[in-house]
Amino acid sequence: NAGVTQTPKFRILKIGQSMTLQCTQDMNHNYMYWYRQDPGMGLKLIYYSVGAGITDKGEVPNGYNVSRSTTEDFPLRLELAAPSQTSVYFCASSPRETQYFGPGTRLLVL
Amino acid sequence: KNEVEQSPQNLTAQEGEFITINCSYSVGISALHWLQQHPGGGIVSLFMLSSGKKKHGRLIATINIQEKHSSLHITASHPRDSAVYICAVGWGGNNNDMRFGAGTRLTVKP
């Protein structure tokens, strides 16, 4: 099993550009999550999903959108990138309790 | 004020020492998680607790629900334990809405 994979590993965006961060898991987990980690700060939950077709907001959802059309995929969309969205983004999945994290996507918005 | 407080922020120990990292939270929770973030950035789930104590190898995690406090102990610390240890809680009874501490950076010197 590959576990949780995230693409890209690193991306530079210009202010106002859009992009989609991809997250795929091959463990058939129902629960999936998107987090951001700013330097020196704790992780913050952006969105989560408890199953295909169901998504819910976390602590910091503004500026982001998600969809969950399949169990495996949970993409995160940034519509109008802003410098405040410079961060490391982690995707995670869970069968119920333990969360399994992807390697992260480092995003720089200039 | 962060809803999840960890102490200390930084900890340096000699190999073999007993390590304690503390986590306090401000509201009722459904569960508490301890995570380890490696120097390369990867995040691994160590424990999930809702009561009592759990042990895995040299790691022991305890939680006191009444006092809203948890501790992570490392016995016979080793340089490979050097990492950031993160406490996270399921906020307001929703284990999917996770709130994270800022982390404790542990360095174990040989």
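FYI, it's all coordinate maths here, none of it is from the lab. Predicted model, so just to flag it, every value in this text is computed and none were measured. Cβ coordinates were reconstructed from backbone atoms using ideal geometry, including for glycine residues, and neighbour counts include every protein chain displayed.
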Give the value in nm², to one decimal: projected area of the alpha carbon convex hull of the protein assembly as shown, averaged over all directions. 12.0 nm²
For region A:1-67, averaging the sequence separation of alpha carbon pairs under 8 Å that lie six or more residues apart and dividing by its residue count, the contact order in percent is 22 percent
What the Cα atoms of chain A span along the principal axes, largest first and in whole Å, is 36, 24, 22
Counting only residues 5 or more places away or on other chains, whose amide H sits under 5 Å from the amide H of B:ALA13 once H atoms are built in the peptide plane? B:THR107, B:VAL108, B:LYS109
Taking the Cα centroid of region B:31-75 and of region A:80-110, what is the distance between the two, rounded to the nearest whole Å? 22 Å
For region A:30-35, just list the computed ³J(HN,Hα) in residue order, Karplus coefficients 6.51, -1.76 and 1.60, θ = phi - 60°, integers in Hz, with x standing in for Gly and Pro. 6, 8, 9, 9, 10, 10
Any lysines whose Cα falls less than 19 Å from that of B:LYS54, other than same-chain ones fewer than 8 residues away, would be B:LYS68
Normalised contact order of chain B, rounded percent, pairs of Cα under 8 Å and 6 or more residues apart: 38 percent
Given charges of +1 on the Cβ of Lys and Arg and -1 on the Cβ of Asp and Glu, with all other atoms neutral, how large is the dipole of region A:1-59 about its Cα centre, in debye to the nearest 20? 260 debye
Can you check how the C-alpha radius of gyration of region B:1-56 compares to 2.2 N^0.38 Å, as a plain ratio? 1.29
Based on the Cβ-Cβ distance of A:SER69 and A:ILE12, what FRET efficiency does E = 1/(1 + (r/R0)^6) give at R0 = 30 Å, to the nearest 0.05? 0.60
Summing Lys, Arg as +1 and Asp, Glu as -1, what charge do residues with Cβ under 14 Å from the Cβ of B:PHE47 carry, B:PHE47 excluded? +3
How large is the convex hull of the C-alpha atoms of region B:21-110 per residue, in Å³? 88 Å³
Pairwise centroid distance, computed over Cα atoms, of region B:80-110 with region A:1-79, Å: 20 Å
Per 0.36 nm of contour for each residue apart, how much would the distance between B:LYS53 and B:THR75 grow if the chain were fully extended, relative to their Cα-Cα spacing? 6.4 nm
Just grab the label-to-label distance for A:ARG77 and B:VAL27, each label 7 Å out from Cα along the Cβ direction, in nm (one decimal). 3.0 nm
